[in-house]
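Colleague: Here it is: the structure, laid out below.
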Amino acid sequence: MASPPPLTPPQIIRSVTSVLTSNNASLSSLTPFIPHLTPPLILSILSSKTLASRPTTLLSFFKWAQNHIPNLNHNPSQAFRPLLSLLTSLLSHYNFVDAKSLLIKFLAIDTRRDLHRLLLHPANSLPRHFSKARVLLDTAIGAYVQLGRPHLAVEIFKAMKRLQLRPNLLTCNTLLNSLVKYPCSNPVLICRELF
């Protein structure tokens, strides 16, 4: 007896989306899809219009994928683009706490600064809608400050200025406080440069 043909990527996306939108299905129902879920497919699922209004579901799926998909677990940089998609959804639904928590977790392990580069050059990685990009970058600045890395927050701030995205007042205050709190070579010069 021949085995069934392998699932195509669109079939996998539809099936996983169906499980995630089902009212009574658990994430364990996704176990058969583990061998088929690649970072690009996970990104497609997280970017799905069907799931766009379900940020909590997307967050649960992302955390499940981190625990079950080897590529996401062993190579965090594989998770950065799916992460940015998830962050956009969370921030669109005003779920700032989970978004910042995820950012802090990933920025802390981003030793090669791959995620930082994606944030600095948003044309290819951030939402097309500028207000969403602004909120994401505001959140990233807060995350860097919380991690004690104000120099990286300054880089994000400069990128926002370059893109003509106005940081909110809380972000400006957070950044100023961090420049005072954490020693740097010349905080006055940096402040003049920023403001």
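Colleague: Based on what the data block shows, is S22 touching a helix residue (DSSP H, G or I) at 6+ places or on another chain (Cβ under 9 Å), loosely packed, with under 13 Cβ neighbours inside 10 Å and at pLDDT 90 or above?
Modeller: yes
Colleague: Another one. Under 7 Å by Cβ, and 6 or more places apart or on different chains, what pairs join a residue from region 140-168 that is under 21 Å from Y182 (Cα atoms) with one that is polar (S, T, N, Q)?
Modeller: Qualifying pairs under 7 Å: I141/T171; I141/T174; G142/T171; G142/T174; V145/T174; V145/S178; P150/S178; A153/S178.
Colleague: What are the pairs with Cβ atoms under 6 angstrom where one residue, in region 67-95, is within 15 Å of A143 (Cα to Cα) and the other, located anywhere, is among the β-branched types (V, I, T)? Sequence gap at least six, or different chains.
Modeller: Pairs found: L91/V135.
Colleague: Would you point out the residue of region 38-57, among those that are aliphatic (A, V, I, L, M) and outside any helix (DSSP H, G or I), that is nearest to H68 (Cα to Cα)?
Modeller: That would be L51.
Colleague: Filter region 67-98 for residues that are outside any helix (DSSP H, G or I) and within 11 Å of P39 (Cβ to Cβ) and give the result.
Modeller: Result: I69, N75.
Colleague: Also, I was wondering about something else. If you go through region 109-128 one residue at a time, do you hit one that is buried (at least 21 other Cβ atoms within 10 Å of the Cβ), hydroxyl-bearing (S, T, Y), at negative phi and modelled with pLDDT of 85 or more?
Modeller: no
Colleague: Identify, please: which residue in region 164-183 is surrounded by 14 or more Cβ atoms within 10 Å (Cβ to Cβ) and not hydroxyl-bearing (S, T, Y) and is, among those, modelled with the lowest pLDDT? Reasoning before the result, please.
Modeller: Start the filter on region 164-183 by keeping residues that are surrounded by 14 or more Cβ atoms within 10 Å (Cβ to Cβ), which leaves 165, 167, 171-172, 174-176, 178-179, 182.
Next, only the ones that are not hydroxyl-bearing (S, T, Y) stay: 165, 167, 172, 175-176, 179.
Details: L165: 86, P167: 87, C172: 87, L175: 87, L176: 84, L179: 81.
Ranking the qualifying residues of region 164-183, first place goes to L179.
Colleague: Determine, yes or no, whether A99 is touching a residue at least 40 places away in the same chain (Cβ under 8 Å), closer than 24 Å to K132 by Cβ and surrounded by 14 or more Cβ atoms within 10 Å (Cβ to Cβ).
Modeller: On the way: touching a residue at least 40 places away in the same chain (Cβ under 8 Å): yes; closer than 24 Å to K132 by Cβ: yes; surrounded by 14 or more Cβ atoms within 10 Å (Cβ to Cβ): yes.
Against the criterion (touching a residue at least 40 places away in the same chain (Cβ under 8 Å), closer than 24 Å to K132 by Cβ and surrounded by 14 or more Cβ atoms within 10 Å (Cβ to Cβ)), A99 qualifies.
Colleague: Could I ask something else about it? When only residues in region 1-19 that are among the hydroxyl-bearing types (S, T, Y) and more than 21 Å from S53 (Cβ to Cβ) count, which is modelled with the highest pLDDT?
Modeller: Filtering first and then ranking leaves T8.
Colleague: Quick one: what pairs do we get from region 37-53, first residue on the phi > 0 side of the Ramachandran plot, second at pLDDT below 90, C-beta under 7 Å, 6+ apart or different chains?
Modeller: From residues that are on the phi > 0 side of the Ramachandran plot, there are no pairs.
Colleague: Filter region 103-115 down to residues that are in a helix (DSSP H, G or I) and in contact (Cβ under 8 Å) with a residue 24 or more places away in the chain, then give me how many there are. Talk me through it step by step, then tell me what you get.
Modeller: Initial filter on region 103-115 (in a helix (DSSP H, G or I)): 103-109, 114-115.
Checking which are in contact (Cβ under 8 Å) with a residue 24 or more places away in the chain leaves us with 103-104, 106-109, 114-115.
Going through region 103-115 one residue at a time, the tally reaches 8.
The values are calculated or read from the model by the stated rules, or taken from the named source; none is laboratory data. The shown structure was predicted, so the numbers you read here are calculated from the model rather than taken from an experiment. When we count neighbours, we look across all protein chains shown, and the Cβ atoms used for this are built from the backbone with ideal geometry, even at glycine.
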